[in-house]
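Report on the structure given below.
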Amino acid sequence: MAELVDLIDKLKKYYTFTKYEVRGYVIAILAIAFIISFREWGEGQFDLTAGLFNLFNRLSDNTLTIVTAIPIISIGNETGEP
């Protein structure tokens, strides 16, 4: 149990993100999901309902990957020695 408390304490101490970083991650997730779903916004002509449906599908499909990848990369960049 002490190891878990120690891990949680270290995560809170060393791996916190500012509100600007979190905002940037959310913007990046939305932009990547839009880029991935861009070709699926209607066949032949623009269809808003099909586009939004595909955008939300891409958000749900890729959010876990994006949410874990971006902070891990940022953590690796922040913890390196200068």
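The values are calculated or read from the model by the stated rules, or taken from the named source; none is laboratory data. Quick caveat, the model's predicted, so the values are computed rather than measured. When we count neighbours, we look across all protein chains shown, and the Cβ atoms used for this are built from the backbone with ideal geometry, even at glycine.
Structure above, values below:
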item: Selected residue (criterion: nearest to LYS10 (Cα to Cα)) from residues of the range 71-82 that are of a type outside the set (Val, Ile, Thr) and either modelled with pLDDT of 80 or more or not in a helix (DSSP H, G or I) (or both); result: GLY80
item: Selection status of ALA50, surrounded by 11 or more Cβ atoms within 10 Å (Cβ to Cβ), in contact with a Lys or Arg (Cβ under 6 Å, 6 or more places away or on another chain) and among the small types (Gly, Ala, Ser); result: no
item: Positions within the range 49-66 being under 14 Å from ILE35 (Cα atoms) and of a type in the set (A, V, I, L, M), in sequence order; result: LEU52, LEU55, LEU59, ILE66
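Per-residue answers, yes or no, for (1) surrounded by 10 or more Cβ atoms within 10 Å (Cβ to Cβ); (2) out of contact with any Phe, Trp or Tyr (no Cβ under 9 Å at 6 or more places or on another chain); (3) free of Cβ contacts under 8 Å to residues at least 12 places away in the same chain; (4) assigned to a helix (DSSP H, G or I):
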| site | (1), (2), (3), (4) |
| --- | --- |
| GLU3 | no, yes, yes, yes |
| GLU21 | yes, yes, no, yes |
| ILE27 | yes, yes, yes, yes |
| GLY42 | yes, yes, yes, no |
| GLN45 | no, yes, yes, no |
| THR63 | yes, yes, no, yes |
| ALA69 | yes, yes, yes, yes |
